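The values are calculated or read from the model by the stated rules, or taken from the named source; none is laboratory data. Since this is a predicted model, take the numbers as computed values, not measurements. Glycine also receives a Cβ, built like all others from the backbone with ideal geometry; neighbour counts cover every protein chain displayed.
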Amino acid sequence: MSHLPFTLLAYFLNALAVLANKFLLSNIIPDPLVYIFYISLASLLAIVALPFTRVPGLEVFTLASVSTLLWTTGAYFMYKALKIGAVSRVIPIIGTLIPLILLIFASETRSITLPQTWAIWTLIVGMLFLTLPDWRLKLTAGEIIFEVLSAGFFAVSYIILRQAYLQFDFFSVLVWSRLILLPLTIIMVAIPTLRSKIINSSSSLSSRTRSGIHFFSKTGLIFIGGQISGAASELLILFSISLANPALVNSLQGVQYVFLLIFGFILSKKYPAIFQERYTPLVLISKAAGIALIGIGLYQLAFGG
């Protein structure tokens, strides 16, 4: 079974989630550990599916648990980077570094073919051209460090997760990998300073929801749709990694930026204040080159062997 349809759909849905967050994004990002707490809490919902899974062996359970912890750490460093730098720069940089790290690992372990290697390089360069105009403002050493750490933890988590999928079925690995988050959330709640931040953020969110986000309003529907799209995208990415090398899956992230470019251009007509883009000749050339390279990379993956 090819991973391509699932991966492309995943990045399409992730583009929708990014657009929804752009509508709702606050200028002040709370403590990254608070974000991690809520992500972990939401992921624990998967535990209700335990009765419908097979019990993995110790090796598979350990691999899945370590992968989850590494992914969570990667998310923490990503939010740290977002506190310093702009979203339009942080996400593309991390998104470019992850497949680059995975490509180096796959090449060293000879787990991908030469045509696949060339396809991944084409997609990475395409992603660079497509997002280069967004890498504005001055880069600080702190932001770079957090971006590299985030990409590194994400990449290693995908490598380890792939090993678990090679030994056991996707659904069981997915559900059992969430168990490690239970003690993590308990530890976070047990730390007094962090518990205080979690309580304060909950009160703030509750107040904001009562005053501005009603779930049957336009804003509420955008919020719900964004969360569903984001969750479905993550599930499809994980499923794709169970079918193919993580380097192949993550190298296609440039497709997400193509979707964002198209959606942003369409929505800028109706919401110019939110999706305002400046398309200078140089920007247009860079983005056109990126789209062309991503198209070539997709063709190489699909028909290049």
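Residues in the stretch 164-200 that are more than 20 Å from the chain's Cα centre (by Cα) and either on the phi > 0 side of the Ramachandran plot or not hydrophobic (A, V, I, L, M, F, W, C) (or both): Q167, D169, S172, P183, T185, P192, T193, R195, S196, K197, N200. For the stretch 272-290, the criterion of a residue being surrounded by 14 or more Cβ atoms within 10 Å (Cβ to Cβ), within 30 Å of R162 (Cα to Cα) and either modelled with pLDDT under 85 or out of contact with any Asp or Glu (no Cβ under 9 Å at 6 or more places or on another chain) (or both) is satisfied by at least one position.
To keep it simple, each residue is scored yes or no on (1) surrounded by 17 or more Cβ atoms within 10 Å (Cβ to Cβ); (2) more than 30 Å from T193 (Cα to Cα).
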| site | (1), (2) |
| --- | --- |
| V60 | yes, yes |
| T73 | yes, no |
| F77 | yes, no |
| K80 | yes, no |
| V87 | no, no |
| T96 | yes, yes |
| I101 | yes, yes |
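State yes or no: is L44 touching a residue at least 12 places away in the same chain (Cβ under 8 Å), surrounded by fewer than 21 Cβ atoms within 10 Å (Cβ to Cβ) and within 18 Å of the chain's Cα centre (by Cα)? Considered against the rule, which asks whether it is touching a residue at least 12 places away in the same chain (Cβ under 8 Å), surrounded by fewer than 21 Cβ atoms within 10 Å (Cβ to Cβ) and within 18 Å of the chain's Cα centre (by Cα), L44 comes out as no.
Select, from V189, V148, V175, the only residue that is surrounded by fewer than 21 Cβ atoms within 10 Å (Cβ to Cβ), farther than 30 Å from G57 by Cβ and modelled with pLDDT of 90 or more.
V148
Candidates in the stretch 111-129 are the residues that are of a type in the set (V, I, T) and within 13 Å of G295 (Cα to Cα); of these, the one that is surrounded by the most Cβ atoms within 10 Å (Cβ to Cβ) is I120. Only one entry in G230, G220 is over 18 Å from the mean Cα position of the chain (by Cα), modelled with pLDDT under 90 and assigned to a helix (DSSP H, G or I), namely G220.
Quick check on my filter: what residues within the stretch 292-302 are at pLDDT 85 or above and either surrounded by fewer than 19 Cβ atoms within 10 Å (Cβ to Cβ) or among the basic types (K, R) (or both)?
Matches in the stretch 292-302: A292, G295, I296.
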